[in-house]
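Report on the structure given below.
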Amino acid sequence: MLTILTPTYNRRPTLPRLYESLCAQTRLDFEWLVIDDGSTDDTAAWLQSCQARTSAFAVRSLSQANGGKHVALNTGVRAARGDWVFIVDSDDCLTPDAVECLMDAVAQASQAPRLVPGVCFRRAGPQGRLMGLPCEGVPSPFVGTPSQVGRMVRGDLAYAFRRDVMADLPFPVIPGERFVPELYIWNQIGDRGPVWFYLDRA
């Protein structure tokens with residue numbers, strides 16, 4: 001199963017758009033795990049209402065004291081039930097075929113002779129235009145590292161990683177520090193094996 005992991009902090013106004021995009025997925029064999037990082041709005045109550053009215057997929061939420069996105073990701077990885085973790089921010093939404101495309105990529109990666117710890121797609125704006133630079137002529141999937149592809153694309157990317165690999169490489173938790181760059185861990189994950197990048201589509 002896939003875990004869609006969403007860390008959130010005071011994003012109650014944007015969460016319904018993400019929730020609606022999850023309900024519209026062509027493939028629904030996933031759980032949505034939301035880590036509420038100490039929100040002071042009505043995020044918790046809204047999530048409880050989602051849990052009560054959703055039957056097509058599991059909706060789970062955990063609350064913690066505010067520690068930053070990196071701490072919320074650590075919490076989510078520990079609690080995830082899926083073999084793969086797809087990180088989706090609380091102000092994002094997904095195309096209807098996002099889960100289906102992702103799981104097709106995971107199935108393809110699972111046949112590789114070497115461990116593939118992650119797969120990645122482009123992000124797009126509201127009108128469907130890919131963020132960052134074009135990558136015409138680049139094979140799909142492109143096998144590389146997060147740093148390498150970040151320099152190529154110069155735009156936001158959407159990652160899904162094997163849960164066991166993420167569990168082995170948690171974000172460092174430093175007292176008083178609310179931000180740790182995600183690339184710090186993504187590069188370590190890339191050291192475990194090749195990440196597959198689908199740079200021609202969101």
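The values are calculated or read from the model by the stated rules, or taken from the named source; none is laboratory data. Bear in mind that the values here come from a model prediction, so they are computed numbers and not experimental data. FYI the Cβ positions are ideal-geometry reconstructions off the backbone, even for glycines, and counts take in every protein chain you see.
Is region 34-46 home to any residue that is of a type in the set (A, V, I, L, M, F, W, C), farther than 17 Å from C93 by Cβ and surrounded by fewer than 23 Cβ atoms within 10 Å (Cβ to Cβ)? Write out each step before concluding.
Initially, region 34-46 is screened for residues of a type in the set (A, V, I, L, M, F, W, C), giving 34-35, 44-46.
Checking which are farther than 17 Å from C93 by Cβ leaves us with 35, 44-45.
Filter again for surrounded by fewer than 23 Cβ atoms within 10 Å (Cβ to Cβ), leaving 44-45.
Checked against the condition, which is being of a type in the set (A, V, I, L, M, F, W, C), farther than 17 Å from C93 by Cβ and surrounded by fewer than 23 Cβ atoms within 10 Å (Cβ to Cβ), region 34-46 yields at least one hit.
Determine whether P96 is within 14 Å of L18 (Cα to Cα), outside any helix (DSSP H, G or I) and modelled with pLDDT under 95. Give the derivation first.
Details: within 14 Å of L18 (Cα to Cα): yes; outside any helix (DSSP H, G or I): yes; modelled with pLDDT under 95: no.
In short, no.
Does G193 count as modelled with pLDDT under 90 and surrounded by 15 or more Cβ atoms within 10 Å (Cβ to Cβ)?
On the way: modelled with pLDDT under 90: no; surrounded by 15 or more Cβ atoms within 10 Å (Cβ to Cβ): yes.
No, not satisfied.
So that you can scan it fast, the table gives a plain yes or no per residue for (1) touching a strand residue (DSSP E or B) at 6+ places or on another chain (Cβ under 8 Å); (2) without any contact (Cβ under 8 Å) to a residue 40 or more places away in the chain; (3) charged (D, E, K, R); (4) surrounded by 12 or more Cβ atoms within 10 Å (Cβ to Cβ):
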| position | (1), (2), (3), (4) |
| --- | --- |
| D97 | no, no, yes, yes |
| A124 | yes, no, no, yes |
| G137 | no, yes, no, no |
| V153 | yes, no, no, yes |
| Y159 | yes, no, no, yes |
| D168 | no, yes, yes, yes |
| V180 | no, no, no, yes |
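In region 18-68, what residues are in contact with a Lys or Arg (Cβ under 8 Å, 6 or more places away or on another chain) and assigned to a helix (DSSP H, G or I)?
Once the filter is applied, which keeps residues that are in contact with a Lys or Arg (Cβ under 8 Å, 6 or more places away or on another chain) and assigned to a helix (DSSP H, G or I), region 18-68 yields T43, W46, Q51.
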